[in-house]
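Input: a single structure, listed below in structure tokens.
The values are calculated or read from the model by the stated rules, or taken from the named source; none is laboratory data. The shown structure was predicted, so the numbers you read here are calculated from the model rather than taken from an experiment. For neighbour counting, all protein chains shown are included, and Cβ atoms are generated from backbone atoms with ideal geometry for every residue, glycine included. Side chains included, ligands, DNA and RNA excluded: accessible areas come from the protein's heavy atoms. Shrake-Rupley method; radii C 1.70, N 1.55, O 1.52, S 1.80 Å.
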Amino acid sequence: METRMYKIPAQADREVLLRVIPGHFATNHSHINYYIDLAMLKTRQKEAQAAARILAQYCNYTVVDTIVCVEGCAVIGAYLAEELTNAGIMSMNRHKTIYIASPEPHTDGQIIFRDNMQMMIRDKNVLLLLATATTGKTLEQNLKCIEYYGGRIQGINAIFSAVNKARSIEVKSIFTQKDIPDYHTYEFHNCPMCKNNQKVDAIVNTFGYSKIE
């Protein structure tokens, strides 16, 4: 499977690479024909910092108090906070610095912020940072979570997004579906790859993939 992987450089910085594998993959709510591997981009210092520089250019907000990072984007989020601060983006927090916070998946499928984290969300101007936004379901779940804890959503950033908007908020991403023109996501019961008896290559989520032998 890995032999099919290829890299797509970002137009804004060719050192920022989207690693993709074509095939048949199952997520927890859909089937997709490409797996987007962001592990290196989220964990390598140089790549994460470069990705943050690109995302900072998309921010036209005047105030960001908290960056909520989901799907393992905390390293990029920390660099993004630094870039925004250097660009003069204000924080209304008492210590004049941007919080980096991540919600916790709960056993019932919901996502939560523990009591000691909630002050980073309540009455704060929040920028949401995701790894990928494909169907919009995970995106909507995180928006509801932020709003539930009293956050004010200022913007949405993603590394890859096949979604242009969530509600009336534009999703600003480094890579879009234009970078993978034949990228598709399907509901389980309406997957043409399944109907053609194409083997599922792997079960995938934001942590990575587990191949099906």
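Unpaired cysteine residues in the chain (no second Cys Cβ under 4.7 Å): 59, 145. Think of a 1.4 Å ball rolled over the protein heavy atoms: segment 1-61 then has 47 Å² of accessible area per residue. Axis of helix 74-86 versus longest Cα principal axis of the chain: the two differ by about 40°, to the nearest ten degrees. A cut-off of 5 Å between modelled amide H atoms, ignoring neighbours fewer than 5 places along the same chain, links residue 99 with 66, 67. With all protein chains kept in place, the per residue accessible area of segment 134-213 amounts to 59 square angstrom at a probe of 1.4 angstrom. Taking all pairs of distinct Cα atoms, average 1/r, flip it, and tell me the Kirkwood hydrodynamic radius of segment 64-186 in Å to one decimal place. This gives a value of 14.8 Å. Along segment 137-143 the Karplus relation, 6.51 cos²θ - 1.76 cosθ + 1.60 evaluated at θ = phi - 60°, assigns HN-Hα couplings of 5, 5, 4, 5, 4, 6, 4 Hz to successive residues, with x for each Gly and Pro.
Leaving ligands, DNA and RNA out of it, report the carbon-plus-sulfur percent of the accessible area of segment 36-75 at a 1.4 Å probe. List each step's numbers first, then the result.
Numbers: 820 of 1550 Å².
On segment 36-75, the fraction of accessible area on carbon and sulfur atoms equals 53 percent.
Here, P(r) means the percent of Cα pairs in each 5 Å bin from 0 to the largest distance; for segment 129-213 it is 3, 12, 19, 20, 19, 13, 8, 4, 2, 0. Given the pairs 96/172; 46/144; 124/144, which are separated by over 21 angstrom at their Cα positions? From 96/172; 46/144; 124/144, over 21 Å: 96/172; 46/144. Overall, the accessible surface of segment 109-167 at a probe of 1.4 angstrom is composed of carbon and sulfur to the extent of 44 percent.
Amide hydrogen proximity for residue 166: with H placed 1.01 Å from N in the peptide plane, the residues at 5 or more positions away or on another chain lying under 5 Å are 171.
With contacts taken as Cα pairs under 8 Å at a separation of at least 6 residues, the chain carries a relative contact order of 22 percent. By the Cα gyration tensor, the chain has an equivalent ellipsoid whose semi-axes, rounded to whole angstrom, run 30, 20, 14 from largest to smallest. In order along segment 16-21, phi translates into HN-Hα couplings of 8, 10, 9, 9, 10, 10 Hz, rounded to whole numbers, per the Karplus curve 6.51 cos²θ - 1.76 cosθ + 1.60 with θ = phi - 60° and x for Gly and Pro. Converting phi to 3J(HN,Hα) with the Karplus coefficients 6.51, -1.76 and 1.60 and the offset θ = phi - 60°, segment 150-159 yields x, x, 9, 7, 9, x, 10, 10, 8, 6 Hz in sequence order, with x at every glycine or proline. Using a simple spin-label model with pseudo-atoms 7 Å out from Cα toward Cβ, residue 197 and residue 61 lie 5.1 nm apart.
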